[in-house]
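First comes the structure, then the notes that go with it.
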Amino acid sequence: MKDAPIRHRLEYLAYLPIRAVLSSMPVSLARRSGAALGDVVFRLDRRRRHLALDNLSRAFPERPAAERESIARDSYRHLGSSLFNTFAGLRLSREELCERITIEGFEHLIDAEAMGRGVILLSAHLGTWEVAAWALALSGRPVHVIGRPADNPHLDREMRRIREHWGNQMIVKRGAARSSIRVLRKGGYLALLVDQHAGTKSAVRLPFFGRPAWTSTLPARLSVKSGAPVVPGYGYLEPGGRYRMTVREPIVPPDRPDGDALVELTKRYVDAGEREIRLRPGEWMWMHRRWRDS
């Protein structure tokens, strides 16, 4: 589109004052403000609100409608809080952030590192996923994060700046396999978010909350090829402006993978993500079209 560069620049110019305000806020105030905005968007965003409620009715049919609506509202509030927190957190020094982060299950990272094949951190759009990458970078374990570039190149540069602020690195999703293998062979950390709809290419349909969902096999393919264990890890906001990263036990690929290994491993990853979401359902992105036929 011929007007795309102009639109992109206008979007970026509109973004700059928002960034300035949020970056100057104390973390606790930013979180409360983001949650309040999430409340407003929940009321106004009729289409995605209905999608979230439909997803919840299928995932939790046994729960009362009022409870499902409360979870959907919490999801919007948490998304706003997390977004505002990301900007406000950038004003903290490395020392201040280190004091605010707790890593639960750190021994699982040590066990995974001891295998000497690199580590694949598997997370989800749950909690505040950026926090897991922050925690690892601050512990001396910079992460290479696979992600899709934003359509707006100005905002894409800004997203990269934010995500690389603490020492992590971005890998563009298209053609990421080769770069990812290089990272793992050097004993590095690779991070992926795989809880969203993956299309049908290089994906398998597996039960997620009892419903078939197309899920990427990329983590399993990387794990099998490199021998790297997959470690489920999630970042959460804690009261008082604090943060917590929760690390679960490594999922190790078989020594001699057969033809079913990719599906079996991917199912274990999906099950791990579902278990975590069930613990904190109000912090997952229910407004995403996770379940599709194609």
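Worth pointing out:
- For Ile101, the residues whose modelled amide H falls within less than 5 Å of its own, excluding neighbours fewer than 5 places apart on the same chain, are Tyr243.
- Taking every C-alpha pair closer than 8 Å and separated by at least 6 residues, the mean separation divided by the residue count of region 140-257 gives a relative contact order of 19 percent.
- Springs join every pair of Cα atoms under 10 Å in this Gaussian network model of the chain, and among Ser24, Ser216, Ser180 the largest mean-square fluctuation is at Ser24.
- Kirkwood-based shape ratio for region 45-87, expressed as Rg/Rh from alpha carbons: 1.06
- Hydrophobic long helices, here whole DSSP H runs in the chain with Kyte-Doolittle means of at least -0.5 and Cα atoms spread over 24 Å or more along the helix axis, are found at 4-23, 27-44, 65-89, 261-279.
- Computed with every protein chain present, the accessible area of Glu67 is close to 80 Å² [probe 1.4 Å].
- Sequence-separation-based contact order of region 122-169, relative, with Cα cut under 8 Å and 6+ spacing, percent: 44
- Average accessible area per residue (Å²) across region 23-155 - probe 1.4 Å, nucleic acids and ligands excluded: 47
- Only alpha carbons enter this Debye calculation for the chain, each as an equal point scatterer, and the log10 of I(q)/I(0) it gives at q = 0.06, 0.08, 0.16 Å⁻¹ is -0.19, -0.35, -1.47.
- Over the chain, Cα pairs under 8 Å with separation of 6+ residues give a relative contact order of 24 percent.
- Descending principal axes extents, region 35-128, alpha-carbon based, whole Å: 47, 34, 19
- Over the chain: helical MRE at 222 nm, DSSP H runs n ≥ 4 each giving -39500 (n - 2.57), nearest 500: -16500 deg cm²/dmol
- Accessible carbon and sulfur surface of the chain relative to its total accessible area, %, 1.4 Å: 53
- Principal axis box of region 120-165, alpha-carbon based, largest edge first, Å: 31, 21, 18
- Expressed in units of 2.2 N^0.38 Å, where N is the residue count, the Cα radius of gyration of region 188-294 is 1.13.
The values are calculated or read from the model by the stated rules, or taken from the named source; none is laboratory data. Note that the structure is predicted; figures quoted are calculated from it, not measured. Quick note on the areas: whole protein, heavy atoms, side chains included, nothing else; ligands and nucleic acids left out. Shrake-Rupley method; radii C 1.70, N 1.55, O 1.52, S 1.80 Å.
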